[in-house]
Amino acid sequence: MSNEERKLKQLTIRKHAMALKERIRRLNQVIRGWINYYSIYNMKTHMTKIDEHLRT
């Protein structure tokens with residue numbers, strides 16, 4: 001499991017009580033950071049993986 005996947009799992013785990021707005025705010029911060037880090041080059045691959053994880 002990559003560092004990105006671990007970070008996403010940490011933010012989406014259900015056993016940690018968190019308001020939905022706060023969870024979305026944190027996810028947006030992380031995703032924006034990844035977009036800036038990886039630039040446009042690899043974003044389609046990473047965003048597909050993020051989308052797959054969030055849908056499960």
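Listing for the model above:
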read-out	value
Residue check for R32: exposed (fewer than 12 other Cβ atoms within 10 Å of the Cβ), free of Cβ contacts under 8 Å to residues at least 12 places away in the same chain and outside any helix (DSSP H, G or I)	no
Qualifying positions in the range 4-23 - farther than 16 Å from M47 by Cβ and of a type outside the set (D, E, K, R)	Q10, I13, H16, A17, M18, A19, L20
Subset of the range 1-23 [loosely packed, with under 12 Cβ neighbours inside 10 Å and either hydroxyl-bearing (S, T, Y) or not in a loop (DSSP other than H, G, I, E, B) (or both)]	S2, N3, R6, K9, Q10, L20, K21, E22
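Each value in this text was obtained by applying a stated rule to the coordinates, not by laboratory testing. Predicted model, so just to flag it, every value in this text is computed and none were measured. When we count neighbours, we look across all protein chains shown, and the Cβ atoms used for this are built from the backbone with ideal geometry, even at glycine.
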